[in-house]
Amino acid sequence: MLVSLSIRQLAIVDHLELEFHKGMTVITGETGAGKSILLQALGLALGDRSDNDSIRHGAARAEITASFDLSNLPQAKDWLTEKDLDASECILRRSLLSNGRSKAWINGQPCPVQHLKELGSLLLDIHGQHAHQSLLRKETHLEILDQYAGLEKQTSKLSATYRAWHNTQKRLEGIRQQDDAQRARIQLLRYQIEELDQLNIQQDELLELEAEQAQLANAEQLIQTSQAALELCDSEDGAALQQVSQALQLLSGLNLANLQPVEQMLQETQIQLQETSRELEHYASTLEVDPVRLQWVEDRLSSIYQTARKHHLQADELTNHHALLKQELNELDVGESSIDLLSNQLEELNTEYQAQAKLLQQKRLQATKKLQTAVDEQLAYLGMEKSQFKVSFKPLEGLHALGTDEIEFLIAPNPGQPPKPLIRIASGGELSRISLAIQVIAAQTSSIPTLVFDEVDVGISGATAEIVGRLLKELALRGQIICVTHLPQVAAQGDQHLHIHKQVDQDTTLTQMELLDEKGRITELARMLGGIKLSERTLAHAKEMLKGSRH
């Protein structure tokens, strides 16, 4: 459940520190006092979209911190564990920056805002004051029914199957509807790939051919040069090796100690000249004047260079280009075998979808009967005992992301009248009560421990208002209820009463919130009953109302 909420520099709030308890907390205040800011802060802490207009004028940033008790929330603990976060506590923090960006933390660890939304969906659910307006759109009815029946997982699974079917169908249609330009591209790719296949350039072949061509083209000159170098080193009289050997013999005959380093250097030079001579001799022996091989190498290089020019490439880019052409062809030309494969996949996904949709429809039909009975009971409790609530089922043609059922809520407010869509039947007050009845029923099956009701009692007054308060208090027995209300009959039912009011300080308007004691609650209820001027009668009425709520 929600334990505390800290708000800093948000809208007209400078700094608010709020604590919450089990049971039912009511929040009241005059219109414009800032009750919506509390709901805005909670939404931001749970990952709602932000903007820099939310930051208090003159402040650099706004910060919201919400703390939750996870004692009875194993799902939230599991979520934290999966994300490698501390599951012994739950503190969500959001910082809004003046540049329009925001930062988020969970238990002190930076995280994406989406993680706040994911975790927040397990912690708290806000029932807004405009829920009765969305109820006029039948698109929301299926979502309400699935939430009531606990079918979110099945619906999500069906949606995933639908997406797979839809994507496969698009791929298959794309293959079957290749236009002339695409077919021409495929033909060109096949020709180019065949040409490169025939050329069959091997790894590093270009470098090797260029090196061989340079050697074969200059073979005669290379042979002459290497042989001349060999003769200077070893072969002729007076060659370098012969002269070094003679110098070494002269010095060794002297047998002088101070000439030993010189002798050693001459010995090393002798060895190096011998090795050099062997290498020159070996190199010369490998050289051969081979005009036939030279012609073949030059023809091969010419083919490679010409092909590269045709593709507007450098010769060393042909191998990579060949691979890219094959990849493009594979993507464009899947062939009949791929069409057959995709067709089979499409049929399998269609069969899987139909089975899931049929099972989901059966569960929806079962839930519909229970929902109709439960809403009728709540409507009778709210003073609409003659009304009859119905859920209309219509089959949809084809496949759809949420199934093959079109759901619409109908109401027959008076006996003898056929049920009709809410938008054609319900008055403002009736619609508010129908909306509240549905929300209360949905809340009873919710696994979320903290439910926030934001002025869901709009359009309700009198004895019905007291009934609404009792309904919310009954819900609070199973969890935590936070209710923003303008009705004293509802406010009197709260276990905790927070009052929001504006305060002007040096031309600055600030929102303040305080926890009311017994006397404060009576005064606030009297204000809600009778306006600014409080009479003894309204105070007595407020006191009696508060006393009556405890029985």
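Please tell me the relative contact order of the stretch 59-150 in percent, rounded to the nearest whole number, where contacts are Cα pairs under 8 Å and at least six residues apart. Could you put the intermediate results ahead of the total?
On the way: 90 pairs, mean separation 20.0, N = 92.
Rounded, it is 22 percent for the stretch 59-150.
Across the stretch 390-495, Cα pairs under 8 Å and at least six residues apart give a relative contact order of 19 percent.
How much of the pair distance distribution for the stretch 40-175 lies past 19 Å, counting alpha-carbon pairs only, in percent? Don't skip to the end; give the middle numbers.
Numbers: 5930 of 9180 pairs.
Of all Cα-Cα distances in the stretch 40-175, 65 percent exceed 19 Å.
Remark: Val456, Val490, Val262 ranked as Val262, Val456, Val490, counting other beta-carbon atoms within 10 Å and listing the fewest first. Classification of the stretch 371-448 by its C-alpha gyration tensor yields an oblate form. The axis ratio a/c (a ≥ b ≥ c) is 1.5 or more, and b/c is at least a/b. Since only Ala104, Gln388, Gly403 are under comparison, the one whose Cα sits farthest along the positive direction of the charge dipole of the chain, derived from C-beta charges on Lys, Arg, Asp and Glu, is Gln388. For the stretch 439-551, the square roots of the Cα gyration tensor eigenvalues, ordered a ≥ b ≥ c, give a/c of at least 1.5 with a/b no greater than b/c, which places it in the oblate category. Once the Cα atoms are used to define both axes, helix 428-444 deviates from the longest principal axis of the chain by about 60 degrees. Helix 291-310 sits at what angle to the longest principal axis of the chain, using alpha carbons and giving 0 to 90 degrees rounded to 10? It is inclined by approximately 30 degrees.
Taking the DSSP beta bridges with both ends in the chain, the antiparallel portion is around 70 percent.
In the chain, the longest principal axis of the Cα atoms and the axis of helix 518-530 are about 80 degrees apart. Ranking Pro488, Leu189, Gln147 by how far each Cα lies toward the positive end of the dipole of the chain (charges on Cβ) leaves Pro488 at the top.
Placing unit charges on the Cβ atoms of the charged side chains and taking the dipole of the chain about its Cα centre, the candidate lying farthest along the positive direction among Pro74, Leu135, Met528 is Met528.
Could you list, in their original order, any pairs among Lys22/Lys547; Lys394/Lys473; Lys35/Lys138; Lys22/Lys420; Lys77/Lys358; Lys103/Lys363 whose Cα atoms are separated by more than 32 Å? Pairs exceeding 32 Å: Lys394/Lys473; Lys22/Lys420; Lys77/Lys358; Lys103/Lys363. The Cα atoms of the chain define a convex hull whose projected area, averaged across directions, is 51.4 nm².
Using a simple charge model, +1 on the beta-carbon of Lys and Arg, -1 on the beta-carbon of Asp and Glu, nothing else, what dipole does the chain show about its Cα centre, in debye to the nearest 20?
It works out to roughly 5620 debye.
For the chain, the relative contact order works out to 22 percent when only alpha carbon pairs closer than 8 Å and six or more residues apart are counted.
Read-outs throughout are calculated quantities, based only on the coordinates presented, and are distinct from any laboratory measurement. The structure displayed is predicted, hence computed values, not measured ones. Methodologically, a virtual Cβ is constructed for each residue, glycine included, from the backbone with ideal geometry; neighbour enumeration extends over all protein chains shown.
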